[in-house]
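For reference, the structure is listed below as structure tokens.
The values are calculated or read from the model by the stated rules, or taken from the named source; none is laboratory data. Just so it is clear, the model here is predicted, and its values are computed rather than measured. Here Cβ is always computed from backbone atoms with ideal geometry, including for glycine, and neighbour counts include all displayed protein chains.
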Amino acid sequence: MSRAFNFCAGPAALPQAVLERAQQELVDFRGSGLSLMEMSHRSDEVVAMATKAEQDLRDLMSVPDNYKVLFLQGGASTQFAMVPLNLASIHGQADYVNTGQWSIKAIKEAGKYCNVNVVATGEDNRFTSVPAFESWSVSGNADYLHYTPNETIGGVEFDFIPEVETDLVVDLSSTILSRPLDVSRFGLIYAGAQKNIGPAGITVVIVREDLLGKAMPATPTMLDYKVHGDNDSMYNTPPTFAWYLSGLVFEWLKEQGGVAAMAKLNKAKADKLYQYIDGSGFYTNPVAVNNRSWMNVPFTLAEDALDKAFLQEAGQRQLLNLKGHRTVGGMRASLYNAVPMEAVDALIEFMQDFVKRRG
Ligand code: PMP
């Protein structure tokens, strides 16, 4: 079997060892005589699987005891509504930082439920850097401040955690588990699974317990964090298979040395690719150096007309999903945890070869 190198922004590469383990356990889950997918979510097997996955994630991220870890549905996009519905009920006021397309979606959705103050925007420089913290105009009475530590489309990443009076809420979809993070600095963290956690279909929320139980009265039951917290994320039928696969990824991550080991590897992968791009005289990444994402590396070719050939030839070499987001064009290489250094080396080798022949 030859597996391709997958640079997809999401659903993204999964570790091969995880896929093989899932394959082994697919038909007869650990001697039970059933597939995990066929079992009640209240069965001992599924509850044990779910509890272990949560504990492993807690260990990996050193989640403090006064935080709930929830496994929900609806993707990060549902969090765009769930956050204001649950957290903006006191003053009806929320601060948002606009660093690109995912921030914009979060801002638009929050505006349906509360007053949104955009404290800073990177629009003026076409979202190629994070607005300097000194330039932010935070409101005095915001229930929380929301930002996107890593913009998956623009490849723009925060190099600081803001110091503000209110609770920080972050969309960590494309950077969770890529490096150590001090969870206690945040009121709430959310992330869709399909990049660094597992397959699509599950969303992780890590929320400080004192923020629960404050949802606006009209909040749908399924969108109330407290309901899920009180029911160990099993108020209704959870996506058990996605939860299980995420748990296998957590076990794999622990075996690799956890997030500290991932950080070292991820930084090395990103540094190597940016260094090549900058020195190539043919490929360009527009992002300010200190805001360059470790996870998503967008780049353009000297001539757009060569994009098609680049993608086609990359595909022939089993370098897949390098096409940039449909709204921005160009290329994007996503380098999540499950993308090995060999993938980056193969990509750079191909990029060099392409310049020689076509540049
Ligand atoms: N936020 C960020 C930063 C993302 O990258 C994505 C998906 N690419 C989303 C939100 C939306 O996630 P979902 O498709 O899980 O709703």
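Remarks
- The residues of the range 272-305 that are among the basic types (Lys, Arg) and under 19 Å from the mean Cα position of the chain (by Cα) amount to a single one, ARG292.
- Looking only at the range 137-156, and only at residues there that are assigned to a strand (DSSP E or B) and away from the ligand (no atom under 11 Å from the Cβ), the one that is farthest from TRP102 (Cα to Cα): TYR144
- Only residues that are within 24 Å of TYR96 (Cα to Cα) and away from the ligand (no atom under 16 Å from the Cβ) were counted across the range 53-83, and they come to 3.
- ARG326 passes every criterion in (1) more than 21 Å from VAL355 (Cα to Cα); (2) touching a residue at least 40 places away in the same chain (Cβ under 8 Å) apart from (2).
- Residue in the range 245-262 that is within 30 Å of ARG30 (Cβ to Cβ), in contact with a strand residue (DSSP E or B) (Cβ under 8 Å, 6 or more places away or on another chain) and of a type outside the set (Val, Ile, Thr) present: yes
- Contacts under 6 angstrom Cβ, first residue in the range 28-51 being surrounded by 13 or more Cβ atoms within 10 Å (Cβ to Cβ), partner of a type in the set (D, E, K, R) and in a helix (DSSP H, G or I), 6 or more apart: SER32/GLU45; MET39/GLU45
- TYR67 passes every criterion in (1) of a type outside the set (Val, Ile, Thr); (2) surrounded by 14 or more Cβ atoms within 10 Å (Cβ to Cβ); (3) closer than 16 Å to SER246 by Cβ apart from (3).
- Scanning the range 273-290 for any residue that is more than 17 Å from GLY155 (Cβ to Cβ) and buried (at least 17 other Cβ atoms within 10 Å of the Cβ) turns up at least one such residue.
- If the condition is being basic (Lys, Arg) and crowded, with 18+ Cβ neighbours inside 10 Å, then the range 251-272 contributes only LYS269.
- Any chance THR284 is β-branched (Val, Ile, Thr) and without any contact (Cβ under 8 Å) to a residue 24 or more places away in the chain: yes
- Where ALA191 falls short, out of the listed (1) closer than 18 Å to ALA94 by Cβ; (2) hydrophobic (A, V, I, L, M, F, W, C); (3) within 11 Å of the ligand (Cβ to nearest atom): (1)
- Identity of the residue in the range 124-136, modelled with pLDDT of 95 or more and away from the ligand (no atom under 16 Å from the Cβ), that ends up surrounded by the most Cβ atoms within 10 Å (Cβ to Cβ): SER129
- In the range 176-199, the residue that is nearest to ALA270 (Cα to Cα) out of those that are surrounded by fewer than 24 Cβ atoms within 10 Å (Cβ to Cβ) and out of contact with any strand residue (DSSP E or B) (no Cβ under 7 Å at 6 or more places or on another chain) is ARG179.
- Looking only at the range 157-186, and only at residues there that are part of a strand (DSSP E or B) and of a type in the set (Asp, Glu), the one that is farthest from the ligand (Cβ to nearest atom): ASP167
- Scanning the range 221-241 turns up at least one residue that is of a type in the set (A, V, I, L, M), more than 27 Å from LEU14 (Cα to Cα) and out of contact with any Leu (no Cβ under 8 Å at 6 or more places or on another chain).
- Residue within the range 119-129 that is in contact with a strand residue (DSSP E or B) (Cβ under 7 Å, 6 or more places away or on another chain) and closer than 30 Å to SER246 by Cα present: no
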